[in-house]
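What follows is one structure encoded as structure tokens, with my remarks underneath.
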Amino acid sequence: MVVANWKMYKTLDEALAFLQAFPLEAEGVEDVEVVICPPFISLADFSRRLAGGSLILGAQNMHWEKEGAYTGEISPPMLRELGVRYVIIGHSERRNFFGESDRVVRNKVEAALTYGLFPILCLGENWDQFNNGQTQDVLKNQLLLALEKISPKGELIPNLVVAYEPIWAIGTGTPATGQTASDVAGYLRGLLKELLGGVADNIRILYGGSVNPENILEYVGKPDVDGALIGGSSLKAQSFAEMARAVSGERRG
Ligand code: 13P
């Protein structure tokens with residue numbers, strides 16, 4: 001699975017230009033779920049243009065209520081209506097710049113599953129925590145709080161996607177090593193199994209943080225790493241397609 005998180009980049013015109021260029025660039029990509037999470041303003045147009053195609057639509061955030069007096073917010077049914085399948089939840093930029101707490105993240109994960117969306121739950125430690133060997137503690141705490149309301153028996157658990165995004169690797173050009181990403185993903189898989197049982201084998205775990213066409217195969221395909229969540233390098237059709245092609249080639253062996 002490769003997921004483009006465009007953050008606050010691209011006007012509608014710029015987004016549509018990407019969409020026009022991408023299919024040609026990505027010709028031959030098979031067996032890889034390719035997801036694009038543009039800014040909200042592009043979702044309606046994307047939804048019409050992607051209908052019936054293989055590109056899958058995601059959103060970068062949402063509120064947890066069905067509707068209400070929440071100025072500036074977007075609800076799960078609004079996303080569903082546009083054919084959005086995935087929604088990124090708890091990205092460190094939302095936690096750090098917009099004060100999103102673990103409680104809010106938990107509400108959003110629960111709401112996404114309830115409304116038939118697939119949450120991409122982001123977890124990650126900062127540089128000091130990484131250096132002090134606190135990565136596992138930080139991630140465990142974030143994961144337990146985020147999944148507090150999720151029943152281990154829930155049939156929808158396989159819809160959950162977890163992304164390990166070390167904050168120090170996001171947008172810095174200094175990614176985690178493939179070994180670190182794989183070790184952390186393995187640790188998260190173990191925690192998910194403890195919490196949810198065998199179904200955790202079906203939960204996809206992504207790595208995100210300075211992934212690019214040159215390094216993507218250091219991550220995807222390593223034990224327990226099922227895909228990548230990509231910021232900067234997903235903004236150009238050619239570069240995003242290159243990463244999708246690399247993963248597709250890896251899967252075909
Ligand atoms: P970069 O790929 O730009 O480091 O961003 C990663 C990210 O935050 C994806 O959600």
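The values are calculated or read from the model by the stated rules, or taken from the named source; none is laboratory data. As the structure is a computational prediction, the values presented were derived from the model and not from experiment. Quick reminder, even Gly has a Cβ in these numbers, built from the backbone with ideal geometry, and neighbours come from all protein chains shown. Heads up: the accessible areas ignore ligands, DNA and RNA and are worked out on the full protein's heavy atoms, side chains in. Shrake-Rupley method; radii C 1.70, N 1.55, O 1.52, S 1.80 Å.
Side notes on the structure shown:
- Of the residues making up the stretch 147-155, none is within 16 Å of the ligand (Cβ to nearest atom) and under 22 Å from Ala59 (Cβ atoms).
- Single condition Ala176 does not satisfy, out of (1) under 26 Å from Asn212 (Cβ atoms); (2) hydrophobic (A, V, I, L, M, F, W, C); (3) within 15 Å of the chain's Cα centre (by Cα): (3)
- Residue ranges of strands (runs of 3 or more DSSP E) in the stretch 159-253 with at least 3 members of a type outside the set (Gly, Ala, Ser): 161-164, 204-208
- The residues listed here are Gly28, Gly58; of these, the one that is more than 16 Å from the ligand (Cβ to nearest atom) and of a type outside the set (A, V, I, L, M, F, W, C) is Gly28.
- Among the candidates Ile120, Ile150, Ile88, Ile74, residue that is among the β-branched types (Val, Ile, Thr), at pLDDT 95 or above, part of a loop (DSSP other than H, G, I, E, B) and surrounded by 15 or more Cβ atoms within 10 Å (Cβ to Cβ): Ile74
- Residue match in the stretch 94-108 (condition: away from the ligand (no atom under 16 Å from the Cβ) and among the hydroxyl-bearing types (Ser, Thr, Tyr)): yes
- Phe18 over 20 Å from Val211 (Cβ atoms), among the aromatic types (Phe, Trp, Tyr) and in contact (Cβ under 8 Å) with a residue 12 or more places away in the chain: no
- Residue count for the stretch 123-134, restricted to those that are surrounded by fewer than 18 Cβ atoms within 10 Å (Cβ to Cβ) and within 15 Å of the ligand (Cβ to nearest atom): 2.
- Residues located in the stretch 51-71, provided they are under 13 Å from the mean Cα position of the chain (by Cα), under 16 Å from Ile41 (Cα atoms) and either open to solvent by less than 30 Å² (accessible area, probe 1.4 Å) or basic (Lys, Arg) (or both): Leu57, Gly58, Ala59, Asn61
- Residue match in the stretch 4-19 (condition: hydroxyl-bearing (Ser, Thr, Tyr), open to solvent by 40 Å² or more (accessible area, probe 1.4 Å) and more than 16 Å from the ligand (Cβ to nearest atom)): yes
- Filtered residues of the stretch 20-47 (kept if open to solvent by less than 70 Å² (accessible area, probe 1.4 Å) and assigned to a loop (DSSP other than H, G, I, E, B)): Ala26, Gly28, Val29, Val32, Glu33, Pro38, Pro39
- Within the stretch 219-234, at least one residue is free of Cβ contacts under 8 Å to residues at least 60 places away in the same chain, within 17 Å of Trp6 (Cβ to Cβ) and either open to solvent by 20 Å² or more (accessible area, probe 1.4 Å) or within 16 Å of the ligand (Cβ to nearest atom) (or both).
- Some residue of the stretch 194-213 being over 18 Å from the mean Cα position of the chain (by Cα) and free of Cβ contacts under 8 Å to residues at least 24 places away in the same chain: yes
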